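For reference, the structure discussed in these notes is given below.
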Amino acid sequence: MKAALLASKGELAVREIPDAAHEGWAVVETRAAGICGTELHIIDALFEPPRYPFTIGHEAAGVVASAPEGSPVRAGQRVAVYNMIGCGHCEWCRSGNPQVCTEPVGQLGFTLDGTFSDYIAVPAENLVPLPDEVSFADAALLSCAGMTAVHASRLGGVALGDVVVVDGVGGVGLMMIQVARACGADVLAIADEETKAELARAAGAERCIVLGPGGYADVAEAVREATSGAGASHFVELVGTEESMLAGLRSLRRHGTFVSIGYTGEHLNVHPVELILSELRWVSSVAASRRDLETAVGLCAGGRLETVVDTRYPLDQVGVGLDRLRARKVSGRNVLVWE
Ligand SMILES: [Zn+2]
Ligand SMILES: [Zn+2]
């Protein structure tokens, strides 16, 4: 089979490799795989793969090629791939939270060979059946950005009547706007340019703040102005610089919740009193559970969660998609497709 892999540190190549296979696991014939910003971190060795060559990619959907006897899925079934493989027996896995498993088997595209290949080996329990309404490209994007947005809104407790600020209009941001709306919240999005604000409005954001020359220094005041002085109930942080995080904390109303997802190399220096006096909550969210992916698939099937695909590329063109992502020229997500 063909795969996009890192032959050595930073060296991307598309090559023939042995077909994916793993004792006791299913094999999926890949039909779509999203190209995510995380791939750039892996190529740049910010997260170093455990070995080279290493197949990249962690978002995928396809058709079951084979599944072990007694599996919950059968050959020929359309599925999304849930990429976190927990140990299956720690208290976190048992409670449906393999994303915080203490001894994980691994994660596709991070520590286990990923999804940018003609076939993917993965436990059958990680496969989420797809209704006909959900395309392979949709499902591939739900298997990262979509489920992440569902998970963050669950952990953050987003509910009817809340005012949710979504900071950052990328792949996760566009999903977050829709999920928050589905929860019954009003959404205010923060974008760094007008074209992204347009995307945010199209996804359902009632209001947008487009960052001006003052950057995040003006955001807290703008949020307060937009909320009759009260501040937001939630600030979902997808940018993760110190100034964006400070702006977020200062945008919240009393008992507001800061939802931390995105990060950079920057630290946050804040005096606890800034949080204490308003009894703020800090909730951190990493990836998602399998149930969150199921929820995202259900929302998409019902027309309440739409994906934004920028360009579809064949596997051979993966480098083009990654270069455009690095140049920040992608609106929504680029997707690899097998047709
Ligand atoms: Zn991703
Ligand atoms: Zn576990």
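The values are calculated or read from the model by the stated rules, or taken from the named source; none is laboratory data. Because the structure is predicted, anything quoted here is derived from the model rather than measured. FYI the Cβ positions are ideal-geometry reconstructions off the backbone, even for glycines, and counts take in every protein chain you see.
For the reader, a short list of remarks on this structure follows.
- Criterion: in contact (Cβ under 8 Å) with a residue 24 or more places away in the chain and in the same structural domain as residue 63 (by TED's automatic domain parsing) - qualifying residue of 110, 136: 110
- Close Cβ contacts (under 9 Å, 6 or more residues apart or on different chains) running from residues in the range 22-37 that are on the phi > 0 side of the Ramachandran plot to residues that are at pLDDT 95 or above and more than 13 Å from ligand 1 (Cβ to nearest atom) comprise 24/68; 24/123; 24/124.
- Checklist (1) over 17 Å from residue 173 (Cα atoms); (2) touching an Asp or Glu at 6+ places or on another chain (Cβ under 7 Å) applied to residue 190, failing item: (1)
- The residue that is surrounded by the fewest Cβ atoms within 10 Å (Cβ to Cβ), among those in the range 10-19 that are at pLDDT 95 or above and in a loop (DSSP other than H, G, I, E, B), is 18.
- Of the strands (runs of 3 or more DSSP E) lying entirely inside the range 151-234, those carrying at least 1 residues that are without any contact (Cβ under 8 Å) to a residue 24 or more places away in the chain and touching a Cys at 6+ places or on another chain (Cβ under 9 Å) are 186-191.
- Breaking point among (1) modelled with pLDDT under 95; (2) crowded, with 22+ Cβ neighbours inside 10 Å; (3) not basic (Lys, Arg), for residue 212: (2)
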